[in-house]
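The values are calculated or read from the model by the stated rules, or taken from the named source; none is laboratory data. Please read all numbers here as calculations on a predicted model, not as lab measurements. So basically every Cβ, Gly included, is an ideal-geometry build from the backbone, and we count neighbours across all protein chains shown. SASA here: full protein model, heavy atoms, side chains in, ligands and nucleic acids out. Shrake-Rupley method; radii C 1.70, N 1.55, O 1.52, S 1.80 Å.
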Amino acid sequence: MTLLVTGATGTVGSEVLRQLDAAGVPARAAVRDVERARPELPAGVSAVRLDLEDPPSWPAALEGVTRLFLLRPPAIARTARLQGFLDAVVAAGAAHVVVLSVQAAGRNPVLPHRQLERRVEATGLTWTHLRPGYFLSNLLTVHRDEIRERSEISVPAGGGRTAVIDVPDLAAVAVQALTGPGHENRAYELTGPEAPTWAELTATLSAVLGRPVVYRRPGAGRFLREQRRRGTPAGLAVLMTGLYTVTRLGLAGRTTDDLQRLLGRPPASVADFARRHAAAWQ
Ligand SMILES: NC(=O)c1ccc[n+]([C@@H]2O[C@H](COP(=O)([O-])OP(=O)(O)OC[C@H]3O[C@@H](n4cnc5c(N)ncnc54)[C@H](OP(=O)(O)O)[C@@H]3O)[C@@H](O)[C@H]2O)c1
């Protein structure tokens, strides 16, 4: 079994590799820049250059690969750009693809994630679709500075609920699907048991941090202008506005028990996550 993990420098892929390494499972990290990525990778993980849009990089990266963890990089909206790579995966003799998708993919066929899922299904290989909710780790990336510096979160989510997931729990399911049987041709909708409103989420942060963290509820237009003023790239700012508007409309709050069932234990709660990362917002 040879495992290849794409997005190896990213939020989920890096955690998948960390868990594979901790379990003693050999894996190959696919990265665009081996020199830059090497210091960040676990010691037992080998690295290979792979750009999903650069065909000459594919044969060496895919040599001998039997199972693949595949994400859609956020910058690739048109999944037709990934078809050549999928053809190369088949040609390399791989057997199984674990797709990092998104929760709404099961209900929204126009999402690029669903289109990637369909392309993977059409390869004839077996697949596992991981459809996670909102990553709590976003509070350590896009929302970190506003929590740390201004003790606030400003998102146009109104009173809508958000089904959330802790990335290590998501990665644990990815590891199961990459290494064990019984996940062939299944789609998992992965969320923790909680779908907090942003008022509830900031209340949890306030309790853990011991200082008030305020939820500001700007309208979509004001949020977009704020993000642009802070230097968020236009595409990301529009994407974030769309995501939080979906939340405000009440469409992002559905929870499932797939995650708990697969983990065989309760997933991490928002409070667990906040306690573990409190130093990041001090
Ligand atoms: N954030 C959320 O709340 C959330 C929730 C559900 C689903 N998702 C989905 O999760 C996926 C993102 O996962 P993530 O957060 O783990 O990723 P991420 O942290 O945004 O990192 C993106 C990764 O993709 C790699 N990459 C970018 N372009 C590439 C290319 N042309 N070829 C090969 N690799 C490339 C990057 O490598 P470099 O280091 O070379 O740039 C990096 O490792 C997206 O599809 C997103 O929609 C996110």
Here the relative contact order (percent) of the chain, from C-alpha pairs under 8 Å and at least 6 apart, is 18
Between Ala47 and residues 5 or more places away or on another chain, the pairs with built amide H atoms under 5 Å apart involve Ala29
Loop-resident GluC sites (Glu not before Pro) in region 82-190 with no more than 12 other Cβ atoms inside 10 Å, DSSP not H/G/I/E/B, are Glu184
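What is the gain in length, in nm to one decimal, between Glu40 and Leu236 on full extension, counting 0.36 nm per residue of separation less the C-alpha to C-alpha distance?
Values: separation 196, 0.36 × 196 = 70.56 nm, distance 2.49 nm.
Answer, rounded to one decimal: 68.1 nm.
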Phi angles of region 47-57, converted by Karplus (6.51 cos²θ - 1.76 cosθ + 1.60, θ = phi - 60°) into ³J(HN,Hα) in whole Hz with x for Gly and Pro, give 10, 9, 7, 8, 10, 4, 10, 10, x, x, 7
Placing each pseudo-label 7 Å from Cα in the direction of the beta carbon, Asn185 and Ala75 end up separated by a distance in nanometres of 3.6
Answer in debye to the nearest 20: the dipole magnitude of the chain about its Cα centre, from +1 Lys/Arg and -1 Asp/Glu charges placed on Cβ, is 880
Relative contact order of region 74-143 (C-alpha contacts under 8 Å, at least 6 apart) in percent is 37
Descending packing, highest mean Cβ count within 10 Å first, for 261-269, 246-254 is 246-254, 261-269
Under 5 Å from the placed amide H of Arg216, counting only residues 5+ away or on other chains, we find Ile153, Ser154, Val155
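Leaving out ligands, DNA and RNA, what percent of the accessible area of the chain is carbon and sulfur, probe 1.4 Å? It would help to have the intermediate numbers written out before the result.
Values: 6770 of 12670 Å².
Heavy-atom surface of the chain belonging to carbon and sulfur, 1.4 Å probe: 53 percent.
Treating only the Cβ atoms of Lys and Arg (+1) and Asp and Glu (-1) as charged, compute the dipole magnitude of region 3-132 about its Cα centre; round to the nearest 20 debye. Please report the intermediate quantities before stating the final value.
Numbers: 15 positive and 12 negative charges, 83 e Å.
Computed charge dipole of region 3-132: roughly 400 debye.
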Rounded to the nearest whole number, the Stokes-Einstein translational diffusion coefficient of region 3-132 at 37 °C and 0.692 mPa s (Kirkwood radius, C-alpha pairs) in µm²/s is 222
Sorted on mean Cβ neighbours within 10 Å (highest first), peptides 83-90, 164-171 come out as 164-171, 83-90
Here the convex hull volume per residue of the chain, taken over Cα atoms and given in Å³, is 131
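With a cut-off of 8 Å between alpha carbons and a minimum separation of six or more residues, what is the relative contact order of region 147-282 in percent?
Computed over region 147-282, the figure is 45 percent.
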